[in-house]
Structures are given as C-alpha cells and as structure tokens.
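Novice: Submitted below is the structure of interest, expressed as structure tokens.
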Amino acid sequence: MVRHPTQCYSTKEVQRILDAAKRASLDVVPLVQTFGHLEFVLKHDRFASMREARDNYMDLCPLSNGAKELVLELISQVL
C-alpha cells in the first residue's frame, strides 16, 4: 500500500482511534467514496474518461470503461 507521508494517519494513530471507539462501544465503518467525491482520482488525465461530466472531476460515470474496476480497487485497498 502506498501512503502519503503527511496526509494520512499512522498505524499507531489508527489503532488509538479504534481502541477509543471500542471503549465507547462504537463501530468504525470506513468511508469509501464510489460515485461522488472522487476528485482525488478523477483529477488525473489518465482517469478523465471516467468522469460523469467532462469538465467536472468530482463524479464517476458508473458506465465508463474501467469504472467498476476502479471502485473495486478503492474498496479493496480499504479492506
């Protein structure tokens, strides 16, 4: 897995969050963006063909070639 060194939680920080949630009887459910808010992916030229609207890189067109594979990969990385 590739992580951005300054824009993600460390393994130790994630464990602290999970431990705190457990103590509070909370279940942690990861958020995985699928159709909307995919600007972190769709802003790149190589994924431009998957945009719902050509000039808007926020939303994925679920019918575009490779869209299903992209979403499954995003989910796989979180799992």
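Novice: So which aspartates and glutamates pass the test for Lys43, namely a Cα distance under 16 Å, with those fewer than 8 places away in the same chain ruled out?
Specialist: Reachable aspartates and glutamates: Glu52, Asp55, Asp59.
Novice: While we're here: Loop only by DSSP, 12 or fewer other Cβ within 10 Å of the Cβ. Give me the trypsin sites (Lys or Arg not before Pro) in region 1-76 that pass, ordered by residue number.
Specialist: Passing sites in region 1-76 are Arg3, Lys43, Arg54.
Novice: Note down the net charge around Met50, summing +1 for each Lys or Arg and -1 for each Asp or Glu among other residues with Cβ under 13 Å from its Cβ.
Specialist: -1
Novice: Size of the chain along its principal axes in angstrom, Cα-based, largest extent first?
Specialist: 45, 26, 19
Novice: At Ile17 and Gln77, where each label point lies 7 Å from the Cα along Cα→Cβ, what is the point-to-point distance in nanometres?
Specialist: 1.5
Novice: Would you please give the FRET efficiency between Ser49 and Val29, computed as 1/(1 + (r/R0)^6) with r the Cβ-Cβ distance and R0 = 30 Å, to the nearest 0.05?
Specialist: 0.45
Novice: Something else now. Quick one: helix 67-78 against the long Cα principal axis of the chain, what's the angle to the nearest 10°, folded into 0 to 90?
Specialist: 10
Novice: Let me ask you something else. Could you tell me the center-to-center distance, by alpha carbons, between region 61-79 and region 1-54 in angstrom?
Specialist: Centre-to-centre (Cα) distance: 14 Å.
Novice: Using a Gaussian network model on the chain with a 10 Å cutoff between Cα atoms, which of Ser64, Ser25, Ser49 fluctuates the most?
Specialist: Evaluated over the chain, the most mobile residue of the options is Ser25.
Values in this text are rule-based calculations from the coordinates and carry no lab data. Model, not experiment: these values are computed from the prediction. Every residue, glycine as well, gets a Cβ built from its backbone with ideal geometry; the counts of neighbours run over all protein chains shown.
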